[in-house]
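Just below is one structure, and these are the notes that go with it.
The values are calculated or read from the model by the stated rules, or taken from the named source; none is laboratory data. From a predicted model like this one, the values you see are computed outputs, not experimental measurements. Using ideal geometry, Cβ is built from the backbone for each residue, glycine included, and neighbour counts are taken over all protein chains shown.
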Amino acid sequence: MALHRSRRSESADSLLTRLGRLTAQAREGAELQQARVELAEALQREILPASLPELPGLRTAARYAPARDGLNIGGDWYDGFRLPGGALGFSIGDVEGHDVEAAAFMGQVRIAVRAVAAAAADPGEVLSRANDLLLSVDCDLFATCTFLRFDPVTWEIQSARAGHVPGVWATADGRYGIAEDDGGPPLGMLPGSRYPVTRRPLAVAGAFVLLTDGVAEGPSFPIDAGLERVAEVVRDGALCDPGELAAEVMKVADSTGHEDDAAVLVLRHDGAPDRAGGPHRTGG
């Protein structure tokens, strides 16, 4: 009887030792994962721009939100910069995957688009050259991207898409929609890819909004429904302050329960300049 109790005691001790070892391993794994998340967050903060460029008649704003579970971070970005000749360039994108590697590759994509845009005026050519540049670094990741060029002379938006979520637009006269423009494959996938360019004259005051799929898509929430909701938000806030509109669009991500990080970039524009040199300020 005493021998039986002794064996049971040894068995219990062995089980407790094993549980203790597994608990320690789980703790180490969780701490390692948390460290990687914190590093990805730090990379994200450093890579995203502190401010966005503006021009008379064009105001801009952006928002970024990590995923709800805190683990899917590092892949989404937005950017804005001045181009030769007075135009402005804007990009938004989403890198495949998450964590530190995605955050680092996101920085490479953002820099590649900036560098190419300084030498190529056509948005389609910008994406095509950026695609070839990223393929040359032999990385296994790829990225969706929209690049947009705002021309203050013609007062139009020229844009191209690389597998990215369509933008959303609205004007002061009540019109709005989803910009289902033709596009090409994501960056870093296929050599020699080409990207069609869409040109939009900004005749009436309004807003053009770029976003990542984390804004409009979530568990059991299809992206089409999310884009329609974003379009309604942009319609109702087309003449709002761009920061306020960006915050309202980001609330759509909150309602979808997004499992991905999310980014929004808002261009709030006045109407096209008249012959006297001033912008048409329709309703705002």
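Determine which single condition Gly218 fails, assuming it passes every other condition in (1) farther than 22 Å from Glu96 by Cβ; (2) under 17 Å from the mean Cα position of the chain (by Cα); (3) not aromatic (Phe, Trp, Tyr).
For Gly218, the failing item is (1).
In the list Arg175, Arg194, which residue meets the criterion of being in contact (Cβ under 8 Å) with a residue 40 or more places away in the chain and of a type in the set (D, E, K, R)?
Criteria check complete, one pass: Arg194.
Report, by residue number, each residue of segment 150-169 that is surrounded by 22 or more Cβ atoms within 10 Å (Cβ to Cβ) and either in a strand (DSSP E or B) or at pLDDT below 95 (or both).
Phe150, Ile157, Ser159, Ala160, Arg161, Ala162, Gly167, Val168, Trp169, listed by residue number.
Just the residues that are crowded, with 20+ Cβ neighbours inside 10 Å and hydrophobic (A, V, I, L, M, F, W, C), please, taken from segment 124-140.
Of everything in segment 124-140, those that are crowded, with 20+ Cβ neighbours inside 10 Å and hydrophobic (A, V, I, L, M, F, W, C) turn out to be Val126, Leu127, Ala130, Leu134.
The rows are residues; the columns are (1) assigned to a helix (DSSP H, G or I); (2) closer than 20 Å to Ala262 by Cβ; (3) of a type in the set (Gly, Ala, Ser).
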site	(1), (2), (3)
Gly89	no, no, yes
Ala103	yes, yes, yes
Ala112	yes, no, yes
Gly124	yes, no, yes
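Pull up segment 88-116, narrow it to residues that are of a type in the set (Gly, Ala, Ser) and under 15 Å from Leu265 (Cβ atoms), then point me to the one that is farthest from the chain's Cα centre (by Cα).
Gly89
Out of the residues in segment 245-284 that are more than 19 Å from Ala65 (Cα to Cα) and at pLDDT 70 or above, state the one that is surrounded by the most Cβ atoms within 10 Å (Cβ to Cβ).
Across segment 245-284, the extreme among qualifying residues is Arg268.
Being closer than 17 Å to Gly192 by Cα and among the basic types (Lys, Arg) is the filter here; which residues of segment 104-133 pass it?
Arg129
Could you list all residues from segment 207-252 that are in a helix (DSSP H, G or I) and among the polar types (S, T, N, Q)?
Result: no residue meets the conditions.
Scanning segment 213-244 for residues that are over 19 Å from Asp76 (Cα atoms) and of a type in the set (A, V, I, L, M), which turns out surrounded by the fewest Cβ atoms within 10 Å (Cβ to Cβ)?
This residue is Ala225.
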